Each structure stands twice: as C-alpha cells, then as structure tokens.
Amino acid sequence: MKILAIETSCDETAIAILECNGDEKAAQFRVLGNALLSQIEIHKGYGGVFPALAKREHAKNLVPILEAALEEAELLHEDTQAIPEETRAKIRDILAREPGLTEAFFEFTSECEPPAIDAIAVTAGPGLEPALWVGINFAKALALLWEKPLVAVNHMEGHILAALLEKGERGEEFSISNLQFPILALLISGGHTELVLMKEWLRYELIGQTRDDAVGEAFDKVARMLALPYPGGPEISKLAEESRAARVGTISEQTAGFGPGSRSEYLATRLPDLGLGARYSDLRLPRPMMHDGTCDFSFAGLKTAVLYLLKDRPGLNDEEKKQLAREFEDAVADVLWKKTAQALDETSAQTLVIGGGVSANMHIRRTFTEKILSEFPTVSFRLPATSLTTDNAIMIALAGYYRALRKEFATDIVASGNLSLAPVR
Ligand code: KG4
Ligand code: ZN
C-alpha cells in the first residue's frame, strides 16, 4: 500500500510517500519520497512559533513540497486534467480559508495525473489549530480530486511509531516487528511530556504527564533567557556538551601519567562523585517532583529557578552559561529517568521507547541507554533515528498505514489542537 502523508501541526511543512507492507505483527516500509521545509528561520525573530505565520507558510509551501515528494517517488506524471466544475466548486469551498493555496492547487493538479497512491494520511492533532487546518484542508481537497481514502493521524502516535522503526538490511527499507508488550512510551516534545502505555497494539493508557510546561517548552524558554535562538533545545544541548567535554578534559589531565587504562580506572572509582549530582559548579537547579511517588512531571518550577538564578547572578560569563545549560539538562534527564523508571516498575513494560523532538537530545539518549542497561537489562529500548526525532511526515505515514490497515478511514477531519492518545488511567 502506498501512503501519502501530510504534516503541518507546527513549524514543519512535510509530505512523505511510503510503500508499506505487512501487518501489525511485522511491517516493512520503504520511503519513496520525503520532502520537508522547516520554518525555523522565519520564527526565530519571534522567539517561538507564531501560529498565523505558520499557517501562511504552510499554505505557501504545500504545493511545492507535494511536487517534490511525488517527483522523488517517481509518481509525478504530467498530463492535462479536466477538472469538472462541480469538483472545482467543492475544492474551492474546502480551501476557502487558505488564500493563495486554491490557485496553486488547481495550477498543479490540472497538469498531473492522479498519482498511484492508495490513501492520504494527515495530522489531525495535537498541534496549532490554524496550522493543522491547512494540512487537513489540503488533504481533503486532494482526496476529493484523486478519489483516495483519507486517514486522520494523531501526531503523537507518529512519534511513537518513528521510535519503533528499525533500519532494514537494504538501504531505504525499514521495519516494525518483534515487539514485546507492554510498550511504555516517553513522549517529549515542544507541546508534550507524557508517559503512555501500549498494552495492545495502538491502544493507549496515560501513565503520567506534565502538570505545567512541556519539557521542550522548558528548553526553549531557558534558551531564551540565555539569549539563545529558537528552537532552544539544540542550543542548550550544544553548550551543555561543551561543559561536559571540558570536564572530561580536566579528568584526563588529573589522570595523565598513570599509565594505560588509568583514565578509565580513575573514572570508574571516582565517577560516583564526579558524575550525576557532581558539584562541577555552584550553579544548582532543583529536580521538581522527583521524589513525589507519581509518574507526573513539572517543568515550570525548573524554568523559574533558572530565571531567579539569572537574576541573582547577572552577567554570567560564557563558561558559567555552559555550566548552567549542563545543570539544566542534567536536572531534566534526572527527572525524566526517575519517572520513567517508576513507570517501568509500575507497569512491568517489556519495551521502552522515547519519541518527540526532545528525544534528539544526546544527554537524554545517553542517560537512558546507560540506565536501561544497568537497571532494567531485560527491557528492550528503542530510540528514534535522530533524523526522525523532530516533526516529519514519515512518522505520519507509518501511523496512517496502520490505521488504513484497520480501515479507519475518515469522511471528515477536524483539527484538534489538544487531541490526546489515551484516556487517563
Ligand atoms: O516534536 P517536535 O519537533 O515538535 C513538537 O511536536 O513540539 O519537538 C520540538 C521540540 C522543541 O521544543 C525543541 O527545542 C526540542 O524539541 N528539541 C530539543 C532538541 N532538538 C529539538 N530539545 C533538546 N535537545 C535537542 N537536541
Ligand atoms: Zn512533534
């Protein structure tokens, strides 16, 4: 089955076309086309995503992105199409709220054959509603014109499936198979921080969630306080990694001359006081709700602690800024791990996955990889490929395929900014 998927929930306009085979036990995927345009540069000036601007950019970019994805998939065949006036009128109606898109839509589709795809999947939520609507209306117009079934996708399901995707043996081929249930997913993105349990395929239970800010939001806000550009996650991460590299340098100097292997011996004996919780600087931040016994999170307090720290200590130098970024990342990773470990204990999950933009974070990836090995050695751990951590349409196509397998086609799709995966336990 060939799925064309559209993602416009935030600041990425993306369309992917995947060839999908197999079933819920074992499925194989081949990426035929994948086009993505990030609006990061446009939103940088606002220090975050500006919804009206995101909507306008999606409307401007969807047709060129579609053309690029179809072309890469070798599904673009020029041919003049006579679109009946009745169909045109319906499409004009569907696209009425997306000025500029209607014209580009007709210009493009009247000159190419309906492509050989089997279904169109589109993100219905969660996300920014004005942005979601552009993608949904575009998908509806294409489905009507090309007479293809539509599938509504939950963006967070996409993030989970992207984390379960494994690289196959041959280049472009991927698979999802050999899953051990229950699967616990830690979803960390700009809008979400939640622990979700999948006891059965695509059925979710909410185990824990943030009571205030999402973790990605905290990264972005702290970055802003440090005058770093949007999106803040990668910027904070870069500074924190520089601080860690400097620390390893110091340890190396201390162990120099002790002979081969001395550094690792030194690290092994001294790590308990040099590693997590080490006082590499006097910049300390709290670990909110770390020991409250729940699987819920809170990041607003951590963000405020950074604000107060910066007020108390105006004019931090570059070195101190790196140390602060590192302490912030350490605090985030400590809390995320503690809550995840608790959820693993409570649910006896056999598989752990991390999904969402923040799962690109190297320190979080490392922390979880080490901790799983040492504390839950029988749990299988899956991380998304770094290229699939932030928003993309490949993950939407994966979710679209599984929903299409279940014949969950949509007659109408409504944008749902707060669409959730699971009822509260
Ligand atoms: O999943 P995503 O692309 O969009 C949403 O669905 O929200 O996540 C975006 C978030 C942003 O907050 C961004 O700062 C964060 O992911 N992010 C990171 C990293 N890369 C992206 N956070 C920490 N470290 C990173 N390397
Ligand atoms: Zn996302």
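Can you pull out every residue in region 115-129 that is charged (D, E, K, R) and more than 15 Å from ligand 1 (Cβ to nearest atom)?
The answer is Asp118, and nothing else.
Filter region 377-390 down to the residues that are touching a residue at least 60 places away in the same chain (Cβ under 8 Å) and in contact with a helix residue (DSSP H, G or I) (Cβ under 7 Å, 6 or more places away or on another chain) and list them by number.
Residues satisfying the conditions are Arg382, Leu383, Pro384, Leu388, Thr389, Thr390.
Given the residues Glu329, Glu346, which is the only one that is part of a helix (DSSP H, G or I) and within 11 Å of ligand 1 (Cβ to nearest atom)?
Glu329
Yes or no, residue by residue, for (1) out of contact with any Phe, Trp or Tyr (no Cβ under 8 Å at 6 or more places or on another chain); (2) under 22 Å from Ser387 (Cα atoms):
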{"site": "Phe29", "(1), (2)": "no, yes"}
{"site": "Gly33", "(1), (2)": "yes, yes"}
{"site": "Leu36", "(1), (2)": "yes, yes"}
{"site": "Asn61", "(1), (2)": "yes, yes"}
{"site": "Asp79", "(1), (2)": "yes, no"}
{"site": "Ala82", "(1), (2)": "yes, no"}
{"site": "Arg97", "(1), (2)": "no, no"}
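Which residue pairs have Cβ atoms closer than 8 Å, lie 6 or more positions apart in sequence or on different chains, and pair a first residue in region 171-184 that is within 12 Å of Lys199 (Cβ to Cβ) with a second residue that is modelled with pLDDT of 95 or more and open to solvent by 80 Å² or more (accessible area, probe 1.4 Å)?
Between residues of region 171-184 that are within 12 Å of Lys199 (Cβ to Cβ) and residues that are modelled with pLDDT of 95 or more and open to solvent by 80 Å² or more (accessible area, probe 1.4 Å), the close pairs are Phe181/Lys199; Phe181/Glu200; Pro182/Lys199.
Quick one: would you say Ser177 is in contact with a Lys or Arg (Cβ under 8 Å, 6 or more places away or on another chain), closer than 21 Å to Leu388 by Cβ and of a type in the set (Ser, Thr, Tyr)?
Values: in contact with a Lys or Arg (Cβ under 8 Å, 6 or more places away or on another chain): yes; closer than 21 Å to Leu388 by Cβ: yes; of a type in the set (Ser, Thr, Tyr): yes.
Considered against the rule, which asks whether it is in contact with a Lys or Arg (Cβ under 8 Å, 6 or more places away or on another chain), closer than 21 Å to Leu388 by Cβ and of a type in the set (Ser, Thr, Tyr), Ser177 comes out as yes.
Sort out which residues of region 387-414 are within 15 Å of ligand 2 (Cβ to nearest atom), of a type outside the set (S, T, N, Q) and open to solvent by less than 10 Å² (accessible area, probe 1.4 Å), and write them in order of number.
Ala393, Met395, Ile396, Ala397, Leu398, Ala399
Within the group Lys44, Lys60, which residue is within 28 Å of the chain's Cα centre (by Cα) and surrounded by fewer than 16 Cβ atoms within 10 Å (Cβ to Cβ)?
That would be Lys44, the only listed residue that is within 28 Å of the chain's Cα centre (by Cα) and surrounded by fewer than 16 Cβ atoms within 10 Å (Cβ to Cβ).
Can you pull out the residues in region 187-204 that are under 11 Å from Cys295 (Cβ atoms) and either more than 13 Å from ligand 1 (Cβ to nearest atom) or part of a loop (DSSP other than H, G, I, E, B) (or both)?
Correct list: Leu195, Val196, Leu197.
Restricting the search to region 85-109, which residues are under 16 Å from Leu62 (Cα atoms) and among the hydroxyl-bearing types (Ser, Thr, Tyr)?
Correct list: Thr102, Thr109.
Are any residues in region 9-28 more than 19 Å from the chain's Cα centre (by Cα) and either within 16 Å of ligand 1 (Cβ to nearest atom) or not in a loop (DSSP other than H, G, I, E, B) (or both), and if so, which ones?
Within region 9-28, Glu19, Cys20, Asn21, Gly22, Ala26, Ala27, Gln28 meet the criteria.
Would you say Val332 is touching a Lys or Arg at 6+ places or on another chain (Cβ under 6 Å) and either assigned by TED's automatic domain parsing to the domain that holds Arg211 or under 14 Å from Ser237 (Cα atoms) (or both)?
In short, no.
Pull up region 349-366, narrow it to residues that are within 15 Å of ligand 1 (Cβ to nearest atom) and touching a Leu at 6+ places or on another chain (Cβ under 8 Å), then point me to the one that is most open to solvent (accessible area, probe 1.4 Å).
Arg365
Given region 72-183, what strands (runs of 3 or more DSSP E) lie entirely inside it while holding 2 or more residues that are open to solvent by less than 50 Å² (accessible area, probe 1.4 Å) and within 16 Å of ligand 2 (Cβ to nearest atom)?
119-125, 150-154
So Ile42 fits all but one of (1) in a loop (DSSP other than H, G, I, E, B); (2) away from ligand 1 (no atom under 13 Å from the Cβ); (3) within 30 Å of Ala223 (Cβ to Cβ); what number is the exception?
(1)
Restricting attention to region 67-103, report how many residues are more than 18 Å from Ile6 (Cα to Cα) and in contact with a Cys (Cβ under 8 Å, 6 or more places away or on another chain).
Going through region 67-103 one residue at a time, the tally reaches 4.
Report yes if Ser374 is open to solvent by 10 Å² or more (accessible area, probe 1.4 Å), at positive phi and not assigned by TED's automatic domain parsing to the domain that holds Ile120, otherwise no. Full working, then the answer.
Working: open to solvent by 10 Å² or more (accessible area, probe 1.4 Å): yes; at positive phi: no; not assigned by TED's automatic domain parsing to the domain that holds Ile120: yes.
No: the conditions fail for Ser374.
The values are calculated or read from the model by the stated rules, or taken from the named source; none is laboratory data. Note that this is a predicted model, so its numbers are computed, not measured. In this analysis, Cβ positions are derived from the backbone assuming ideal geometry, glycine residues included, and neighbour counts consider all displayed protein chains. Side chains are part of the model used for accessible areas, which takes the heavy atoms of the whole protein and leaves out ligands, DNA and RNA. Shrake-Rupley method; radii C 1.70, N 1.55, O 1.52, S 1.80 Å.
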